[in-house]
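Peer 1: Would you mind keeping the following structure in view while I ask a few things?
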Amino acid sequence: MGWGCIMLLQVACEAGVPPKVVVTDSAGIHLTISADEPKHFAQLDSVPTISLGGPDASGPQQFFRVQGVYLDEAGRLWVADGQSGELRIFQPDGTHWKTIGGRGEGPGEFLQIRLLGATAGDSVLCGDSGADRITVYDPEGDFVRTDRLPSSERPPPRPFDVFPDGSVLGQQRRVLMAQSLEPGQILRDSVELVRVRLDAQTEEPYGLAAGPLWLWTGGNQVPVPFTTNASFDVVGDEVHLVSGPDFRVRVFNGGGFRAVYGVEREPRIVSASDLDSYRGFVEEYLPESMRPEYLEPLDNEERPSRLPGYDRVIASSDGYLWAQVYESDLAAPHDWDVFDRKGLFRGRVHVWSGFHPFVITGDVMAGVWRDPIGVEFVHLYRLLR
């Protein structure tokens, strides 16, 4: 990126706010970098207030491949179960309220369900990448309609999130012809985001970032270690995105790339322990027949020498942006850096091993916790400020 006339402003420190530097170029890009201070934003309660699922669960509490969790204004927990294609709704005390959806191609059914979130009017949207459509429910879980994703020369985008006005944030799919690839070839991916307006059946560009690297083995596409797909979340009409080795969050809107914020922290070099962590994860969790292909990229000369900075990002309902610090040991506990609306670093939150948050509010965090043998629970934890 070429920077034009750059102006650096040293901004005085407010009470409890670390120093920051704001850089503005002629195109109006703002860079806000906070000092990396060892401070806590909040603490996750040690015991979940709601725990659903487990090895002895049956019926609506038996989960497999959860594809989204949403907490509505009434405190009800919506859970999209990937195996059944069902959307299961639980009361604030954890009791089952209703189940909607199901596997199929009819109205309100799903081939590949993904819970996207809610609009400003509290309608809840679910995507179906298998059928290239969006299903809309009212706040009480009643089916409203199904909208098709627009078709063009390229396949419809994969839906990931929803804007307040009901338009959808999608990622364009990449199509490769296997016969044009050579075994051992490294594929460089990109993340092309679009805003899909379902009523007008149109798409508009909404951001572009580097994606992960893949190795073509001759029969499969396997990830190159220490590259991750970009993660992104919608905040109003903006998209906040993380990608690459730097501890930075990039902000896009309809006019393009407009801002960057993060912490002043050096990228981390891939160490021997990182290699061991990746190898151990493959050997423990993947079938024996798949292990050689997934371990092959470890020795590839194009494998990154630096770890990703962040690998996930979630916008909380109270206006904060949470960025998860990447860990090479996927089963290890994680830390999240928390930023305010101005992009200032406010502290860290430590999250338990095996817990994968989907939604964060002012005082709770809800998501999926997997036990040591991979059984899924849906947990809701209190956040103690």
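Peer 1: Give region 149-191 a look and list any residue that's within 18 Å of Val239 (Cα to Cα) and more than 20 Å from the chain's Cα centre (by Cα), or say none.
Peer 2: Asp165
Peer 1: Follow-up question, since we're still on this one. Within region 234-279, which residues are in contact with a Ser or Thr (Cβ under 7 Å, 6 or more places away or on another chain), part of a helix (DSSP H, G or I) and not acidic (Asp, Glu)?
Peer 2: Ser277, Tyr278, listed by residue number.
Peer 1: Okay, next question. Consider only pairs whose beta carbons are under 6 Å apart and that are at least six residues apart or on different chains; among these, list those whose first residue lies in region 238-267 and is over 13 Å from Glu192 (Cα atoms) and whose second residue is basic (Lys, Arg).
Peer 2: That search, which allows pairs on different chains as well, returns Pro245/Arg306; Phe247/Arg265; Val251/Arg258; Val260/Arg248; Val260/Arg250; Gly262/Arg248; Pro267/Arg306.
Peer 1: So if I check each of His356, His350, which one is in contact (Cβ under 8 Å) with a residue 24 or more places away in the chain, part of a strand (DSSP E or B) and surrounded by fewer than 19 Cβ atoms within 10 Å (Cβ to Cβ)?
Peer 2: On the way: His356 fails: in contact (Cβ under 8 Å) with a residue 24 or more places away in the chain.
After applying the criteria, what remains is His350.
Peer 1: Restricting the search to region 76-104, which residues are assigned to a loop (DSSP other than H, G, I, E, B) and touching a strand residue (DSSP E or B) at 6+ places or on another chain (Cβ under 9 Å)?
Peer 2: Start the filter on region 76-104 by keeping residues that are assigned to a loop (DSSP other than H, G, I, E, B), which leaves 76, 82-85, 91-95, 102, 104.
The answer is Arg76, Gly82, Gln83, Ser84, Gly85, Gln91, Pro92, Asp93, Gly94, Gly102, Gly104.
Peer 1: Separate question: Of the numbered conditions (1) among the β-branched types (Val, Ile, Thr); (2) under 21 Å from the mean Cα position of the chain (by Cα); (3) not in a strand (DSSP E or B), Val194 fails exactly one; give the number of that condition.
Peer 2: Going through (1) among the β-branched types (Val, Ile, Thr); (2) under 21 Å from the mean Cα position of the chain (by Cα); (3) not in a strand (DSSP E or B) one by one, Val194 breaks only (3).
Peer 1: Restricting attention to region 139-197, which residues are of a type in the set (Gly, Ala, Ser), within 16 Å of Arg114 (Cα to Cα) and either loosely packed, with under 13 Cβ neighbours inside 10 Å or touching a strand residue (DSSP E or B) at 6+ places or on another chain (Cβ under 6 Å) (or both)?
Peer 2: Residues of region 139-197 that are of a type in the set (Gly, Ala, Ser), as a first pass: 141, 151-152, 166-167, 170, 178, 180, 184, 190.
Those left that are additionally within 16 Å of Arg114 (Cα to Cα): 141, 166-167, 170.
Result: Gly141, Ser167, Gly170.
Peer 1: Here is a check on your reading of the model: is Tyr285 out of contact with any Pro (no Cβ under 6 Å at 6 or more places or on another chain) and at pLDDT 95 or above?
Peer 2: Details: out of contact with any Pro (no Cβ under 6 Å at 6 or more places or on another chain): yes; at pLDDT 95 or above: no.
No; evaluated as a whole, the condition is false for this residue.
Peer 1: I need the full set of residues from region 332-349 which are under 29 Å from Val224 (Cβ atoms) and out of contact with any Phe, Trp or Tyr (no Cβ under 7 Å at 6 or more places or on another chain), in order please.
Peer 2: Ala332, His334, Asp335
Peer 1: Check off (1) more than 27 Å from Ile373 (Cβ to Cβ); (2) free of Cβ contacts under 8 Å to residues at least 40 places away in the same chain; (3) not charged (D, E, K, R) for Gln83 and give me the number that stays unchecked.
Peer 2: Among (1) more than 27 Å from Ile373 (Cβ to Cβ); (2) free of Cβ contacts under 8 Å to residues at least 40 places away in the same chain; (3) not charged (D, E, K, R), Gln83 violates only (1).
Peer 1: Here's a follow-up. Need the failing condition index for Gly106 against (1) out of contact with any helix residue (DSSP H, G or I) (no Cβ under 6 Å at 6 or more places or on another chain); (2) surrounded by 20 or more Cβ atoms within 10 Å (Cβ to Cβ); (3) not aromatic (Phe, Trp, Tyr), just the number.
Peer 2: All conditions pass for Gly106, except number (2).
Peer 1: Identify all residues within region 183-231 that are touching a residue at least 60 places away in the same chain (Cβ under 8 Å) and more than 18 Å from Glu293 (Cβ to Cβ); write none if there are none.
Peer 2: Listed by number, the residues that qualify are Leu198, Thr228, Ser231.
Peer 1: While we're looking at this one, here's another question. State whether the residues of region 201-209 include one that is part of a loop (DSSP other than H, G, I, E, B) and either charged (D, E, K, R) or farther than 23 Å from Ala80 by Cβ (or both). Steps first, please.
Peer 2: Step one: filter region 201-209 for residues part of a loop (DSSP other than H, G, I, E, B), giving 201.
Now narrow it down to the ones that are either charged (D, E, K, R) or farther than 23 Å from Ala80 by Cβ (or both): 201.
Yes, there is a match, as at least one residue in region 201-209 is part of a loop (DSSP other than H, G, I, E, B) and either charged (D, E, K, R) or farther than 23 Å from Ala80 by Cβ (or both).
Peer 1: Okay, next question. If Lys342 passes every condition in (1) part of a loop (DSSP other than H, G, I, E, B); (2) surrounded by 21 or more Cβ atoms within 10 Å (Cβ to Cβ) but one, which one does it miss?
Peer 2: So the condition that Lys342 fails would be (2).
Peer 1: For region 53-74, which positions are over 19 Å from the mean Cα position of the chain (by Cα), farther than 14 Å from Gly141 by Cβ and outside any strand (DSSP E or B)?
Peer 2: Within region 53-74, Gly54, Pro55, Asp56, Ala57, Ser58, Gly59, Gln61, Gln62, Phe63 qualify.
Peer 1: Out of contact with any strand residue (DSSP E or B) (no Cβ under 9 Å at 6 or more places or on another chain), farther than 30 Å from Asp147 by Cβ and not small (Gly, Ala, Ser): which single residue out of Asp246, Asp276 fits that description?
Peer 2: Values: Asp246 fails: out of contact with any strand residue (DSSP E or B) (no Cβ under 9 Å at 6 or more places or on another chain).
Every option except Asp276 fails the conditions.
The values are calculated or read from the model by the stated rules, or taken from the named source; none is laboratory data. Values in this document were obtained by computation on a predicted structure and should not be read as measured data. Ideal geometry is used to build each Cβ from the backbone, glycine not excepted, and the neighbour counts take in all protein chains shown.
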